[in-house]
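Beneath this line is the structure, given in structure tokens, with notes to follow.
None of the figures in this text is laboratory data; all of them are computed from the coordinates on show. Every value quoted in this text rests on a predicted model; they were computed, and no experiment measured them. Positions of Cβ are generated from backbone atoms using ideal geometry, with glycine treated the same way; all protein chains shown enter the neighbour counts.
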Amino acid sequence: MPGRVDRFAWTPLWIVGWICFSATAASSAPRVRVYEKDVRFALAELQKQCGGLLQLKKVDWDRVSKQFLKETKAVKSPQDHLVLLVRLLARLEDGHASVRPLAKGKNVRWPDDDKIKTGPGMFWCKSGGKILAKNSWSSAEKSGLRAGMEIVKVNGAPVAKWLEKRSAELADKIGFSTAQHAYFYACHWGLADTSGTRLQLEVRDLKGKKRRITVRYAQANPVPWGPAFFPENLHGECDVKYGKTPAGFGYLHVRRCPGDLPEVTDKALAALGDVPGMIVDFRGNSGGGFDHDAFLGRFIPEGKQIAFRKRYSSAGPNPYGGPVVVIVDATVRSAGETGSGIFKEDGRAHMIGESATAGVSSQKTTIELPSGFFSLYVSVRSNKGRFNNGRGIEGIGVPPHEVVEYRAADLGRGVDTLIQRAEELLREFPQRKVPYDPARYGWSAR
């Protein structure tokens, strides 16, 4: 949520490992051929280890190999080598991939890692082909930007062109597993820049009037926290918040997936009681690790089992058996995708979202390079192979049953369109799309 900037929380994985390392490269840099040997080894091993995913994502590895064998000839130092390897891994289109230091590389520093970036105090979303301000706080709010306004131009360029250029710059150094992963990154984390940056915006307000706004970056966390607007009076910790919507439905926001997620969910379900329907919102979920079966078991009536695709048993002291709507988008990554995805794929809930999840969910391996400077941490297989008709999640994501975009008028009133749509669905649950029937399992609204 808006607040102080956590320097490490939003930083892409490939940079985190280099923050706070010594400013000097290794004093005795090896000859250039050592770097070339690393790159040749990496290209061969990545093709061997990641070949299935490269094929899935339609990555032309021959073209990538030619490009980076040529570029490695310009590498003169361990720092140059680090930058080249980071850029090489970005071509895997793997949201988990990172370059990690070995003993000889522990003092190698990422260029300009002392520049602290911050957000502009806004996130963007697409609606009807337009780009809207999803919300506004801090610098953006002070500049006069309001949620629901249409972003028309950025620094004189049409917003679509600006986003296209920004996305290309980001994709040169960051691996994006899917197109939706890249797009949502650009509209959230990707808006970050150094403090003091000025962003010239041309916007159209909710009455259709064009305005010019200058946003000066000061201090705003660029990490997406989830919905545009939360229901009021939520309880709980940062990882899991809970409460009720204005219509009286239960609301559970799962921001991260800690190991004790099932037990934390018990507390939320006990507090919510026998609500007529439940919204489980995963937007902004950055992953983690937890017992998936035990978590879904909290949404199966006591003493019951479901087995539409996989068998699950009721679990926990306060299991909930009513209708459930899950909300996702492409800010949902890794364990957040498997955690939300089992509700849809295994027949328990209806899923809505602006888009499919990020498609960043995989099994990983580590490849040590011959020079002893760095290792490569990369995805080799997709998680949840039964999802998406046997194709898994990596490079695809979990598509919702129904795509729902924000409406400008809703945002202008401080209303989250997707939560509002979830309430509508819970009033008349779409049973034709969800195998689980609450009545069949002994649940009835009181």
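For GLY397, what is the net charge nearby, where nearby means another residue's Cβ is under 13 Å from its Cβ and Lys, Arg count +1, Asp, Glu -1? Taking every other residue near GLY397 into account, the sum is -1.
Counting other beta carbons within 10 Å of each Cβ, put ARG255, ARG386, ARG166 in order, fewest first.
Numbers: ARG255 23, ARG386 13, ARG166 16.
Ascending number of Cβ neighbours within 10 Å: ARG386, ARG166, ARG255.
Please sort by residue number the chymotrypsin sites (Phe, Trp or Tyr not before Pro) in the stretch 311-380 whose DSSP state is loop and whose Cβ has at most 12 other Cβ atoms within 10 Å.
Those that pass, being in a loop and sparsely packed, number zero.
Projected onto the charge dipole of the stretch 315-446 (+1 at Lys/Arg Cβ, -1 at Asp/Glu Cβ, origin at the Cα centre), which of LEU426, GLY372, GLY385 gives the Cα projection farthest towards the positive end? The one lying farthest along the dipole's positive direction is GLY385. Within the shell of other residues whose beta carbon sits under 15 angstrom from the beta carbon of LEU53, the net charge comes to +3, with Lys and Arg scored +1 and Asp and Glu -1. Size descriptors for the stretch 207-263: radius of gyration and Dmax over Cα atoms are 16.7, 50 Å.
I'd like the antiparallel share, as a percent to the nearest 5, of DSSP beta bridges with both residues in the chain.
75
Where in the stretch 160-201 does the label zone of LYS58 land, with the point 7 angstrom along Cα→C-beta and an amide N cut-off under 17 Å? It comes to 176-183, nothing else.
Among ARG298, ARG87, a tally of other beta-carbon atoms within 10 Å of each Cβ gives an order, fewest to most, of ARG87, ARG298. For the stretch 308-446, the convex hull drawn through the C-alpha positions has a volume of 177 cubic angstrom per residue.
For a quick protection proxy, order the peptides 167-173, 37-43, 289-295 by their average other-Cβ count within 10 Å, most packed first.
Numbers: 167-173: 14.7, 37-43: 19.0, 289-295: 17.4.
Per-residue Cβ counts within 10 Å, averaged per peptide and sorted highest first, yield 37-43, 289-295, 167-173.
Run the Debye formula on the Cα coordinates of the stretch 117-216, all scatterers equal and no solvent, and tell me log10 I(q)/I(0) at q = 0.10, 0.20, 0.21 1/Å. Values, matching the q order: -0.24, -1.01, -1.11. I need the shape label for the chain. Rule: rounded when a/c is under 1.5, else prolate if a/b > b/c, else oblate, with a, b, c from the alpha carbon gyration tensor. Oblate, since a/c reaches 1.5 and b/c is not below a/b. Counting only DSSP H runs of at least 4 residues, each contributing -39500 (n - 2.57), and dividing by the residue count of the chain, the helix-based mean residue ellipticity at 222 nm comes to -8500 deg cm²/dmol.
Mind listing which trypsin sites (Lys or Arg not before Pro) in the stretch 299-374 are in a DSSP loop and have 15 or fewer other Cβ atoms within 10 Å? If you can, show how the numbers build up before the last one.
On the way: sites: LYS304, ARG309, LYS310, ARG311, ARG333, LYS344, ARG348, LYS364; in loops: LYS304, ARG309, LYS310, ARG311, ARG333, ARG348.
Those that pass, being in a loop and sparsely packed, are ARG309, LYS310, ARG311.
Over 23 Å apart at the Cα level, from the set LYS241/LYS304; LYS165/LYS207; LYS66/LYS173, are LYS241/LYS304; LYS165/LYS207.
Go through 434-445, 210-221 and give me the packing order, highest mean Cβ count within 10 Å leading.
Working: 434-445: 14.7, 210-221: 16.8.
Going from most to least packed, we get 210-221, 434-445.
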